[in-house]
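The values are calculated or read from the model by the stated rules, or taken from the named source; none is laboratory data. Note that the coordinates shown come from a computational prediction; the quantities given were computed from them, not determined experimentally. In this analysis, Cβ positions are derived from the backbone assuming ideal geometry, glycine residues included, and neighbour counts consider all displayed protein chains. Remember, those area values only see protein heavy atoms, side chains included, never the ligands or the DNA or RNA. Shrake-Rupley method; radii C 1.70, N 1.55, O 1.52, S 1.80 Å.
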Amino acid sequence: MIIIQMMGGLGNQMFQYALYRQLISMGKEVKMDDRAGFVEDMQRDPELGVFGIDYERASRKEIIKMRDSSPALTAKVRRKLFGRHNNSYFEENKCFQSKIFDWDNIYLEGYWQSEKYFQDVGDELRQEFSLERLKNSPDKNFKLSEQSQSYLLKIEQTQSVSIHVRRGDYLLPQNQELFGSICTDHYYERAIKAVVERYPYCIFYVFTNDEEWSLEWLEKFTGGKNKFINVEVPEHKDYEALLLMSRCKNNILANSSFSWWASYLNDNPSKMVMAPEKWMNGWDCSDIYRSDMIKVKCEI
């Protein structure tokens, strides 16, 4: 059996589920642990239910056995005397690691942010993460809000371009070290210019988790002939933003798994997908890039 830990926000959970689907397609017995990764992360919860997605969950007993983490006194004594038999693996870097496809009896912790981890099930994932799947959800709480339906109508009728600007937790000191100084104003300016060169009258839809800042930031772009629309979605409905981005004809990404998936789900055959040439500071993230992405310089 293979157990995959779910953790992080919606985009990261989609990557972990994608690996789950790939391993199942290979005939593996795979289960998800959608509890441990959220014990110390009070800001996030499992979110794939918005798509009506279900998966087999590992039991507490199965996880304890796999990780040799029984709280029983006898188990503690044995671990102290003979060491812990922890059959787990934490993703050691950001490069694609094909070796995990050969493993069994393992607990996997990581983000697995590469299309190479689910090459065989891409079509199925696009169906599972689609707007149509959301529309057919039996849970009315997951229906698109009226506001988002209004955005969607305009997005589908225009030469639309999503711009994703990640702020919020990305501004924390510990995250700035990893993600800071990448998606700079120069990056967005270059990406916008490149799209306008091909589509002179496109309309830009801006998605950000800092709407007050966004309105101020957008003033620098309002002098041209292109229209910039600040998109607001209801609180705690991030999936609406992801799906709206996925329906835009073109995408300008942040260094974020959230907009990565939006562009992956975009089915426009002639789409432009603009991505920062660097994804994280201090890491080789070359495998996160897809062949349909256009890398854009971040520095002056």
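Taking the conditions exactly as written (of a type in the set (A, V, I, L, M) and under 27 Å from residue 137 (Cα atoms)), does residue 233 satisfy them or not? When the stated conditions are applied, residue 233 passes them. Restricting the first member to the stretch 289-300 and to residues that are touching a residue at least 40 places away in the same chain (Cβ under 8 Å), and the second to residues that are assigned to a loop (DSSP other than H, G, I, E, B) and among the polar types (S, T, N, Q), the beta-carbon pairs closer than 6 Å and six or more apart or on different chains are 298/184.
Quickly run through the stretch 44-56 and pick out the residues that are free of Cβ contacts under 8 Å to residues at least 60 places away in the same chain and out of contact with any Lys or Arg (no Cβ under 6 Å at 6 or more places or on another chain). It would help to see each step written out before you state the result.
Pass one, the stretch 44-56, residues free of Cβ contacts under 8 Å to residues at least 60 places away in the same chain: 44-46, 48, 54-56.
Within the stretch 44-56, 44, 45, 46, 48, 54, 55 qualify.
Name the residue, out of 192, 182, that is touching a residue at least 24 places away in the same chain (Cβ under 8 Å), closer than 27 Å to residue 113 by Cβ and in a loop (DSSP other than H, G, I, E, B). Exactly one of 192, 182 is touching a residue at least 24 places away in the same chain (Cβ under 8 Å), closer than 27 Å to residue 113 by Cβ and in a loop (DSSP other than H, G, I, E, B), namely 182. Of all residues in the stretch 114-123, those satisfying the criterion of being open to solvent by 40 Å² or more (accessible area, probe 1.4 Å) and either in contact (Cβ under 8 Å) with a residue 40 or more places away in the chain or touching a Leu at 6+ places or on another chain (Cβ under 9 Å) (or both) are 115, 116, 119, 120.
For the stretch 233-248, check the following and say yes or no: at least one residue is open to solvent by 40 Å² or more (accessible area, probe 1.4 Å), closer than 20 Å to residue 274 by Cβ and not in a loop (DSSP other than H, G, I, E, B). Yes - at least one qualifying residue is present in the stretch 233-248.
Yes/no matrix, rows are residues, columns are (1) at pLDDT 95 or above; (2) open to solvent by 70 Å² or more (accessible area, probe 1.4 Å); (3) over 30 Å from residue 197 (Cα atoms):
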residue	(1), (2), (3)
108	yes, no, yes
112	yes, no, yes
125	yes, no, yes
138	no, yes, yes
147	no, yes, yes
159	yes, no, no
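Whether a residue is open to solvent by 40 Å² or more (accessible area, probe 1.4 Å) and either at pLDDT 95 or above or assigned to a helix (DSSP H, G or I) (or both) was assessed, and residue 269 passes this test.
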